[in-house]
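Contents: one structure, followed by commentary.
The values are calculated or read from the model by the stated rules, or taken from the named source; none is laboratory data. Just so it is clear, the model here is predicted, and its values are computed rather than measured. Methodologically, a virtual Cβ is constructed for each residue, glycine included, from the backbone with ideal geometry; neighbour enumeration extends over all protein chains shown. Note: accessible area is taken over every heavy atom of the protein model, side chains too, but ligands, DNA and RNA are not part of it. Shrake-Rupley method; radii C 1.70, N 1.55, O 1.52, S 1.80 Å.
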Amino acid sequence: LAAPIIALVLAPFLTHSLSTNDYGALVVLNTAILLITGITQLGLISAVFRAYNYDYESQVDRLKVLSTTVVMLSITSLPFTIVFVLIAPRLAALLLGNASFSDAIKIAAVVMLVQNFSVPGLAWLRAESRATFFSVVSIVNLLVALGATVVFVGPLHMGIVGALLAIGIGYACIVVCTLPLIIMRAGISYRTDVVRNLVSFGVPLVFNTLSFWVLQLSDRYLLSRLGSLSRTASYCVACSLAGALNVVTRAPFTLAWPTAMFAIAKREDAAQAFQAVFRWFAILLLAAAFVLSLIAVALLNILFPVSYHASAPIIPIIAVSIVFYGIYSIFTVGTGVKRKTWFIALVMTIAAVINVAANFVLIPHYGSMGAALSTLIAYIILTIIMYFVNQRI
(Lines give C-alpha, C1' and ligand atoms only; values in the text may rest on other atoms or scores of the structure.)
Protein backbone atom coordinates (compact mmCIF):
# COMPACT_ATOMS: atom_id res chain seq x y z
CA LEU A 1 0.00 0.00 0.00
CA ALA A 2 2.97 2.33 0.49
CA ALA A 3 3.81 2.28 -3.22
CA PRO A 4 0.54 3.75 -4.59
CA ILE A 5 0.39 6.31 -1.79
CA ILE A 6 3.90 7.56 -2.53
CA ALA A 7 3.23 7.46 -6.28
CA LEU A 8 0.12 9.52 -5.63
CA VAL A 9 2.27 12.12 -3.91
CA LEU A 10 5.07 12.10 -6.46
CA ALA A 11 3.06 12.21 -9.68
CA PRO A 12 1.28 15.53 -9.00
CA PHE A 13 4.52 17.00 -7.64
CA LEU A 14 6.45 16.04 -10.78
CA THR A 15 3.73 17.21 -13.16
CA HIS A 16 3.70 20.60 -11.44
CA SER A 17 7.50 20.85 -11.20
CA LEU A 18 8.47 19.61 -14.67
CA SER A 19 7.31 20.71 -18.08
CA THR A 20 5.17 18.22 -19.97
CA ASN A 21 8.11 17.53 -22.32
CA ASP A 22 10.49 16.85 -19.43
CA TYR A 23 7.96 14.64 -17.67
CA GLY A 24 7.41 12.76 -20.93
CA ALA A 25 11.19 12.29 -21.26
CA LEU A 26 11.30 10.94 -17.70
CA VAL A 27 8.58 8.44 -18.60
CA VAL A 28 10.54 7.23 -21.63
CA LEU A 29 13.74 6.86 -19.60
CA ASN A 30 11.96 4.89 -16.88
CA THR A 31 10.59 2.51 -19.51
CA ALA A 32 14.10 2.15 -20.95
CA ILE A 33 15.47 1.28 -17.49
CA LEU A 34 12.83 -1.43 -17.13
CA LEU A 35 13.79 -2.87 -20.52
CA ILE A 36 17.53 -3.01 -19.84
CA THR A 37 17.12 -4.42 -16.33
CA GLY A 38 14.80 -7.07 -17.76
CA ILE A 39 17.48 -8.12 -20.25
CA THR A 40 20.48 -8.01 -17.91
CA GLN A 41 18.70 -9.88 -15.10
CA LEU A 42 18.45 -12.99 -17.35
CA GLY A 43 15.15 -14.02 -15.80
CA LEU A 44 17.03 -14.77 -12.58
CA ILE A 45 14.24 -13.63 -10.25
CA SER A 46 11.91 -16.44 -11.30
CA ALA A 47 14.82 -18.87 -11.69
CA VAL A 48 15.93 -18.23 -8.09
CA PHE A 49 12.44 -19.05 -6.79
CA ARG A 50 12.38 -22.33 -8.72
CA ALA A 51 15.90 -23.38 -7.67
CA TYR A 52 15.63 -22.20 -4.06
CA ASN A 53 12.19 -23.59 -3.28
CA TYR A 54 11.86 -26.57 -5.62
CA ASP A 55 15.15 -27.88 -7.04
CA TYR A 56 17.51 -27.58 -4.07
CA GLU A 57 16.73 -28.55 -0.48
CA SER A 58 19.98 -28.29 1.50
CA GLN A 59 21.00 -24.94 2.97
CA VAL A 60 24.44 -25.16 1.34
CA ASP A 61 22.92 -25.57 -2.13
CA ARG A 62 20.48 -22.72 -1.54
CA LEU A 63 23.28 -20.38 -0.47
CA LYS A 64 25.13 -21.29 -3.67
CA VAL A 65 22.04 -20.26 -5.62
CA LEU A 66 22.28 -16.78 -4.04
CA SER A 67 26.03 -16.36 -4.50
CA THR A 68 25.85 -17.56 -8.09
CA THR A 69 23.07 -15.06 -8.78
CA VAL A 70 25.23 -12.19 -7.49
CA VAL A 71 28.13 -13.22 -9.74
CA MET A 72 25.92 -13.60 -12.81
CA LEU A 73 24.29 -10.20 -12.30
CA SER A 74 27.71 -8.57 -11.94
CA ILE A 75 28.86 -10.09 -15.24
CA THR A 76 25.77 -8.93 -17.14
CA SER A 77 25.19 -5.50 -15.54
CA LEU A 78 28.60 -3.83 -15.32
CA PRO A 79 29.46 -3.93 -19.06
CA PHE A 80 26.03 -2.54 -20.00
CA THR A 81 26.43 0.34 -17.56
CA ILE A 82 29.87 1.30 -18.88
CA VAL A 83 28.74 1.20 -22.52
CA PHE A 84 25.62 3.27 -21.88
CA VAL A 85 27.62 5.93 -20.03
CA LEU A 86 30.09 6.16 -22.93
CA ILE A 87 27.45 6.48 -25.67
CA ALA A 88 24.98 8.56 -23.64
CA PRO A 89 24.72 11.48 -26.16
CA ARG A 90 23.85 9.10 -29.00
CA LEU A 91 21.27 7.28 -26.90
CA ALA A 92 19.70 10.58 -25.86
CA ALA A 93 19.33 11.61 -29.49
CA LEU A 94 17.89 8.20 -30.40
CA LEU A 95 15.43 7.83 -27.53
CA LEU A 96 14.40 11.43 -26.90
CA GLY A 97 15.44 13.27 -30.05
CA ASN A 98 17.70 15.59 -28.03
CA ALA A 99 21.35 15.01 -27.06
CA SER A 100 20.96 17.45 -24.14
CA PHE A 101 19.42 14.59 -22.16
CA SER A 102 22.77 12.73 -22.11
CA ASP A 103 23.33 13.36 -18.39
CA ALA A 104 19.96 11.81 -17.67
CA ILE A 105 20.98 8.75 -19.75
CA LYS A 106 24.15 8.34 -17.65
CA ILE A 107 22.19 8.48 -14.40
CA ALA A 108 19.65 6.01 -15.82
CA ALA A 109 22.50 3.57 -16.57
CA VAL A 110 23.69 3.76 -12.97
CA VAL A 111 20.11 3.29 -11.72
CA MET A 112 19.92 0.11 -13.82
CA LEU A 113 23.10 -1.20 -12.20
CA VAL A 114 21.97 -0.46 -8.64
CA GLN A 115 18.51 -1.91 -9.29
CA ASN A 116 20.04 -5.16 -10.54
CA PHE A 117 22.16 -5.51 -7.41
CA SER A 118 18.99 -5.20 -5.32
CA VAL A 119 17.56 -8.32 -7.01
CA PRO A 120 19.42 -11.05 -5.04
CA GLY A 121 18.40 -9.61 -1.68
CA LEU A 122 14.75 -9.11 -2.58
CA ALA A 123 14.55 -12.56 -4.20
CA TRP A 124 16.11 -14.14 -1.11
CA LEU A 125 13.63 -12.44 1.23
CA ARG A 126 10.70 -13.55 -0.91
CA ALA A 127 11.98 -17.12 -1.25
CA GLU A 128 12.35 -17.29 2.53
CA SER A 129 8.88 -15.71 3.01
CA ARG A 130 10.42 -13.01 5.19
CA ALA A 131 7.59 -10.59 4.52
CA THR A 132 8.39 -8.14 7.33
CA PHE A 133 12.02 -7.61 6.32
CA PHE A 134 10.99 -7.38 2.66
CA SER A 135 8.32 -4.79 3.46
CA VAL A 136 10.66 -2.70 5.61
CA VAL A 137 13.43 -2.42 3.00
CA SER A 138 10.88 -1.83 0.22
CA ILE A 139 9.18 0.98 2.15
CA VAL A 140 12.55 2.52 3.07
CA ASN A 141 13.40 2.47 -0.64
CA LEU A 142 10.15 4.27 -1.46
CA LEU A 143 10.44 6.86 1.31
CA VAL A 144 14.06 7.68 0.50
CA ALA A 145 13.22 8.01 -3.20
CA LEU A 146 10.27 10.24 -2.29
CA GLY A 147 12.32 12.55 -0.07
CA ALA A 148 15.23 12.73 -2.51
CA THR A 149 12.89 13.49 -5.41
CA VAL A 150 11.23 16.35 -3.54
CA VAL A 151 14.62 17.85 -2.65
CA PHE A 152 16.39 17.31 -5.98
CA VAL A 153 13.51 18.35 -8.24
CA GLY A 154 12.13 21.05 -5.90
CA PRO A 155 14.67 23.31 -4.13
CA LEU A 156 17.71 22.08 -6.11
CA HIS A 157 15.94 22.30 -9.52
CA MET A 158 17.79 19.26 -10.91
CA GLY A 159 14.90 18.28 -13.20
CA ILE A 160 14.72 14.74 -14.55
CA VAL A 161 18.34 14.10 -13.56
CA GLY A 162 17.32 14.67 -9.94
CA ALA A 163 14.26 12.43 -10.30
CA LEU A 164 16.38 9.57 -11.70
CA LEU A 165 19.10 10.08 -9.11
CA ALA A 166 16.48 9.81 -6.35
CA ILE A 167 15.33 6.44 -7.74
CA GLY A 168 18.91 5.19 -7.70
CA ILE A 169 19.45 6.28 -4.10
CA GLY A 170 16.28 4.44 -3.08
CA TYR A 171 17.50 1.17 -4.63
CA ALA A 172 20.93 1.74 -3.07
CA CYS A 173 19.25 1.50 0.33
CA ILE A 174 17.99 -1.99 -0.56
CA VAL A 175 21.47 -3.02 -1.72
CA VAL A 176 23.07 -1.76 1.50
CA CYS A 177 20.50 -3.61 3.64
CA THR A 178 20.57 -6.98 1.82
CA LEU A 179 23.66 -7.58 -0.33
CA PRO A 180 26.18 -7.58 2.57
CA LEU A 181 24.03 -10.20 4.36
CA ILE A 182 24.07 -12.44 1.29
CA ILE A 183 27.83 -12.05 0.83
CA MET A 184 28.45 -12.83 4.52
CA ARG A 185 26.33 -15.99 4.36
CA ALA A 186 26.96 -17.24 0.84
CA GLY A 187 30.20 -15.56 -0.22
CA ILE A 188 30.98 -14.48 -3.78
CA SER A 189 31.35 -17.60 -5.87
CA TYR A 190 29.48 -19.64 -8.43
CA ARG A 191 28.78 -23.31 -9.09
CA THR A 192 28.48 -24.67 -12.59
CA ASP A 193 25.43 -26.84 -11.97
CA VAL A 194 23.62 -23.90 -10.36
CA VAL A 195 24.49 -21.69 -13.33
CA ARG A 196 23.02 -24.27 -15.70
CA ASN A 197 19.90 -24.55 -13.56
CA LEU A 198 19.34 -20.80 -13.41
CA VAL A 199 20.13 -20.20 -17.07
CA SER A 200 17.96 -23.04 -18.39
CA PHE A 201 14.96 -21.75 -16.46
CA GLY A 202 15.63 -18.01 -16.63
CA VAL A 203 16.96 -17.24 -20.11
CA PRO A 204 13.71 -18.19 -21.91
CA LEU A 205 12.04 -15.67 -19.62
CA VAL A 206 14.25 -12.89 -21.07
CA PHE A 207 12.21 -13.17 -24.24
CA ASN A 208 9.17 -13.06 -22.02
CA THR A 209 10.53 -9.86 -20.45
CA LEU A 210 11.16 -8.29 -23.84
CA SER A 211 7.67 -9.17 -24.96
CA PHE A 212 6.27 -7.90 -21.66
CA TRP A 213 8.06 -4.59 -22.17
CA VAL A 214 6.67 -4.29 -25.67
CA LEU A 215 3.24 -5.31 -24.42
CA GLN A 216 3.03 -3.01 -21.41
CA LEU A 217 5.48 -0.16 -21.93
CA SER A 218 6.32 0.30 -25.60
CA ASP A 219 3.12 2.31 -26.08
CA ARG A 220 4.76 5.17 -24.15
CA TYR A 221 7.71 5.23 -26.53
CA LEU A 222 5.54 4.86 -29.63
CA LEU A 223 3.26 7.62 -28.37
CA SER A 224 6.27 9.90 -27.93
CA ARG A 225 7.40 9.20 -31.51
CA LEU A 226 4.03 9.06 -33.25
CA GLY A 227 2.60 11.83 -31.07
CA SER A 228 4.61 13.99 -28.67
CA LEU A 229 6.36 13.90 -25.29
CA SER A 230 3.57 16.02 -23.78
CA ARG A 231 0.95 13.50 -24.92
CA THR A 232 3.11 10.73 -23.48
CA ALA A 233 3.21 12.58 -20.15
CA SER A 234 -0.59 12.84 -20.02
CA TYR A 235 -1.00 9.18 -20.94
CA CYS A 236 1.49 8.08 -18.28
CA VAL A 237 -0.38 10.00 -15.57
CA ALA A 238 -3.56 8.10 -16.46
CA CYS A 239 -1.65 4.80 -16.46
CA SER A 240 -0.08 5.60 -13.10
CA LEU A 241 -3.46 6.29 -11.51
CA ALA A 242 -4.99 3.15 -13.02
CA GLY A 243 -1.84 1.32 -11.95
CA ALA A 244 -2.92 1.66 -8.32
CA LEU A 245 -4.99 -1.46 -9.08
CA ASN A 246 -1.81 -3.27 -10.04
CA VAL A 247 0.01 -2.22 -6.88
CA VAL A 248 -2.86 -2.83 -4.47
CA THR A 249 -4.00 -6.22 -5.84
CA ARG A 250 -1.79 -7.87 -8.45
CA ALA A 251 1.67 -6.85 -7.22
CA PRO A 252 1.27 -8.19 -3.64
CA PHE A 253 -0.16 -11.39 -5.10
CA THR A 254 2.73 -11.88 -7.54
CA LEU A 255 5.25 -11.26 -4.76
CA ALA A 256 3.93 -14.27 -2.83
CA TRP A 257 2.73 -16.38 -5.76
CA PRO A 258 6.01 -17.88 -7.12
CA THR A 259 6.89 -19.37 -3.73
CA ALA A 260 3.32 -20.44 -2.95
CA MET A 261 2.73 -21.88 -6.43
CA PHE A 262 5.50 -24.47 -6.22
CA ALA A 263 4.51 -25.36 -2.65
CA ILE A 264 0.89 -25.91 -3.73
CA ALA A 265 2.03 -27.96 -6.73
CA LYS A 266 3.43 -30.61 -4.39
CA ARG A 267 0.09 -31.11 -2.64
CA GLU A 268 -2.43 -33.80 -3.54
CA ASP A 269 -5.23 -31.22 -3.77
CA ALA A 270 -3.18 -28.89 -6.00
CA ALA A 271 -5.83 -28.66 -8.73
CA GLN A 272 -8.56 -27.63 -6.29
CA ALA A 273 -6.23 -25.14 -4.58
CA PHE A 274 -5.34 -23.48 -7.88
CA GLN A 275 -9.04 -23.26 -8.79
CA ALA A 276 -9.84 -21.56 -5.48
CA VAL A 277 -6.99 -19.06 -5.91
CA PHE A 278 -8.17 -18.21 -9.42
CA ARG A 279 -11.80 -17.78 -8.39
CA TRP A 280 -11.24 -15.43 -5.47
CA PHE A 281 -8.38 -13.47 -7.00
CA ALA A 282 -10.42 -12.80 -10.15
CA ILE A 283 -13.36 -11.56 -8.08
CA LEU A 284 -11.04 -9.27 -6.11
CA LEU A 285 -9.52 -7.87 -9.30
CA LEU A 286 -12.89 -7.07 -10.86
CA ALA A 287 -14.27 -5.36 -7.76
CA ALA A 288 -11.07 -3.38 -7.16
CA ALA A 289 -10.92 -2.25 -10.80
CA PHE A 290 -14.37 -0.70 -10.55
CA VAL A 291 -13.77 1.10 -7.25
CA LEU A 292 -10.24 2.30 -7.98
CA SER A 293 -11.19 3.60 -11.43
CA LEU A 294 -13.79 5.90 -9.87
CA ILE A 295 -11.31 7.09 -7.24
CA ALA A 296 -8.52 7.59 -9.80
CA VAL A 297 -10.65 9.82 -12.04
CA ALA A 298 -11.57 11.98 -9.05
CA LEU A 299 -7.91 12.28 -8.00
CA LEU A 300 -6.88 13.23 -11.53
CA ASN A 301 -9.30 16.16 -11.51
CA ILE A 302 -8.30 17.27 -8.00
CA LEU A 303 -4.52 16.85 -7.87
CA PHE A 304 -3.18 17.32 -11.39
CA PRO A 305 -2.87 20.34 -13.71
CA VAL A 306 -5.79 21.00 -16.05
CA SER A 307 -3.70 19.97 -19.06
CA TYR A 308 -3.79 16.35 -17.80
CA HIS A 309 -7.55 16.09 -17.19
CA ALA A 310 -8.40 15.00 -20.74
CA SER A 311 -6.79 11.61 -20.05
CA ALA A 312 -9.56 10.57 -17.60
CA PRO A 313 -11.36 8.18 -20.03
CA ILE A 314 -8.14 6.19 -20.37
CA ILE A 315 -8.09 5.16 -16.69
CA PRO A 316 -10.85 2.49 -16.69
CA ILE A 317 -9.50 0.97 -19.92
CA ILE A 318 -6.06 0.53 -18.38
CA ALA A 319 -7.66 -0.85 -15.20
CA VAL A 320 -9.47 -3.57 -17.17
CA SER A 321 -6.19 -4.40 -18.92
CA ILE A 322 -4.62 -4.96 -15.50
CA VAL A 323 -7.51 -7.27 -14.57
CA PHE A 324 -6.75 -9.47 -17.56
CA TYR A 325 -3.03 -9.42 -16.78
CA GLY A 326 -3.73 -10.51 -13.21
CA ILE A 327 -5.82 -13.42 -14.45
CA TYR A 328 -3.05 -14.29 -16.89
CA SER A 329 -0.68 -14.64 -13.90
CA ILE A 330 -2.83 -17.53 -12.63
CA PHE A 331 -2.76 -19.19 -16.03
CA THR A 332 1.07 -19.47 -15.96
CA VAL A 333 0.91 -22.21 -13.31
CA GLY A 334 1.38 -25.02 -15.80
CA THR A 335 4.42 -23.52 -17.51
CA GLY A 336 6.17 -22.96 -14.19
CA VAL A 337 5.49 -26.36 -12.67
CA LYS A 338 6.25 -28.26 -15.89
CA ARG A 339 9.42 -26.17 -16.67
CA LYS A 340 7.96 -25.09 -20.01
CA THR A 341 8.67 -21.38 -19.65
CA TRP A 342 9.26 -21.08 -23.39
CA PHE A 343 5.45 -21.20 -23.73
CA ILE A 344 5.30 -17.92 -21.82
CA ALA A 345 7.85 -16.35 -24.14
CA LEU A 346 5.91 -17.53 -27.20
CA VAL A 347 2.53 -16.31 -25.98
CA MET A 348 3.95 -13.00 -24.77
CA THR A 349 5.60 -12.48 -28.17
CA ILE A 350 2.31 -13.03 -29.98
CA ALA A 351 0.53 -10.54 -27.72
CA ALA A 352 3.40 -8.03 -28.04
CA VAL A 353 3.31 -8.14 -31.84
CA ILE A 354 -0.45 -7.59 -31.77
CA ASN A 355 0.02 -4.67 -29.37
CA VAL A 356 2.64 -2.94 -31.54
CA ALA A 357 0.56 -3.43 -34.69
CA ALA A 358 -2.53 -2.04 -32.95
CA ASN A 359 -0.52 0.95 -31.67
CA PHE A 360 0.66 1.83 -35.18
CA VAL A 361 -2.93 1.66 -36.41
CA LEU A 362 -4.76 3.32 -33.51
CA ILE A 363 -2.36 5.98 -32.15
CA PRO A 364 -2.33 8.12 -35.33
CA HIS A 365 -6.15 8.19 -35.30
CA TYR A 366 -7.03 8.20 -31.60
CA GLY A 367 -3.83 9.30 -29.80
CA SER A 368 -3.64 8.24 -26.15
CA MET A 369 -6.98 6.43 -26.34
CA GLY A 370 -5.58 4.35 -29.20
CA ALA A 371 -2.60 3.34 -27.06
CA ALA A 372 -4.91 2.31 -24.21
CA LEU A 373 -7.18 0.27 -26.48
CA SER A 374 -4.15 -1.45 -28.03
CA THR A 375 -3.01 -2.53 -24.58
CA LEU A 376 -6.46 -3.86 -23.66
CA ILE A 377 -6.79 -5.85 -26.90
CA ALA A 378 -3.33 -7.40 -26.42
CA TYR A 379 -4.02 -8.40 -22.79
CA ILE A 380 -7.33 -10.03 -23.68
CA ILE A 381 -5.63 -12.11 -26.38
CA LEU A 382 -2.72 -12.92 -24.04
CA THR A 383 -5.05 -14.22 -21.35
CA ILE A 384 -7.20 -16.29 -23.69
CA ILE A 385 -4.22 -18.01 -25.33
CA MET A 386 -2.51 -18.68 -22.01
CA TYR A 387 -5.69 -20.25 -20.63
CA PHE A 388 -5.73 -22.87 -23.39
CA VAL A 389 -1.97 -23.49 -23.05
CA ASN A 390 -2.26 -24.01 -19.29
CA GLN A 391 -5.25 -26.37 -19.61
CA ARG A 392 -3.37 -28.33 -22.26
CA ILE A 393 -0.16 -28.95 -20.27
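Some values worked out for this structure:
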| item | result |
| --- | --- |
| Candidates Gly187, Gly170, filtered to the one that is free of Cβ contacts under 8 Å to residues at least 40 places away in the same chain and not aliphatic (A, V, I, L, M) | Gly170 |
| Residue list for the range 142-172, filter: of a type outside the set (A, V, I, L, M), over 12 Å from Leu10 (Cβ atoms) and either out of contact with any Leu (no Cβ under 9 Å at 6 or more places or on another chain) or not in a helix (DSSP H, G or I) (or both) | Pro155, His157, Tyr171 |
| Subset of the range 112-131 (residues that are at pLDDT below 90, open to solvent by 30 Å² or more (accessible area, probe 1.4 Å) and assigned to a helix (DSSP H, G or I)) | Leu122, Arg126, Ala131 |
| Ile188 being open to solvent by 50 Å² or more (accessible area, probe 1.4 Å), closer than 24 Å to Ala51 by Cβ and over 18 Å from the mean Cα position of the chain (by Cα) | yes |
| Odd one out for Ile330 among (1) at pLDDT below 90; (2) crowded, with 23+ Cβ neighbours inside 10 Å; (3) closer than 28 Å to Asn197 by Cα | (2) |
| Total residues in the range 307-317, condition assigned to a helix (DSSP H, G or I) and either at pLDDT 90 or above or under 19 Å from the mean Cα position of the chain (by Cα) (or both) | 4 |
| Wholly enclosed helices (runs of 4 or more DSSP H) of the range 1-92 bearing at least 1 residues open to solvent by 40 Å² or more (accessible area, probe 1.4 Å), at pLDDT 85 or above and not aromatic (Phe, Trp, Tyr) | 2-17, 20-40, 59-86 |
| The range 93-104, residues that are of a type in the set (A, V, I, L, M) and open to solvent by 10 Å² or more (accessible area, probe 1.4 Å) | Ala93, Leu94, Leu95, Leu96, Ala99 |
| Near pairs, Cβ below 8 angstrom, 6+ apart or cross-chain, from the range 11-37 (touching a residue at least 40 places away in the same chain (Cβ under 8 Å)) to any residue that is among the charged types (D, E, K, R) and open to solvent by 10 Å² or more (accessible area, probe 1.4 Å) | Gly24/Arg231; Val27/Arg220; Val28/Arg220; Thr31/Arg220 |
| Count of residues meeting criterion [surrounded by fewer than 20 Cβ atoms within 10 Å (Cβ to Cβ) and modelled with pLDDT under 90] in the range 361-389 | 3 |
| Residue match in the range 155-170 (condition: at pLDDT 85 or above, under 21 Å from Val70 (Cβ atoms) and loosely packed, with under 15 Cβ neighbours inside 10 Å) | no |
| Failed item in (1) within 19 Å of the chain's Cα centre (by Cα); (2) closer than 30 Å to Leu241 by Cβ, with Leu14 passing the rest | (1) |
| Candidate set from the range 84-93 (those that are without any contact (Cβ under 8 Å) to a residue 24 or more places away in the chain and within 23 Å of the chain's Cα centre (by Cα)); member that is nearest to Thr37 (Cα to Cα) | Leu91 |
| Residues of the range 333-350 satisfying the condition of being buried (at least 23 other Cβ atoms within 10 Å of the Cβ) and within 17 Å of the chain's Cα centre (by Cα) | Ile344, Met348 |
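Each row is one residue, and each column tells you yes or no for (1) open to solvent by less than 60 Å² (accessible area, probe 1.4 Å); (2) at positive phi; (3) within 20 Å of the chain's Cα centre (by Cα).
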| position | (1), (2), (3) |
| --- | --- |
| Val247 | yes, no, yes |
| Gln272 | no, no, no |
| Leu285 | yes, no, yes |
| Pro305 | yes, no, no |
| Ala319 | yes, no, yes |
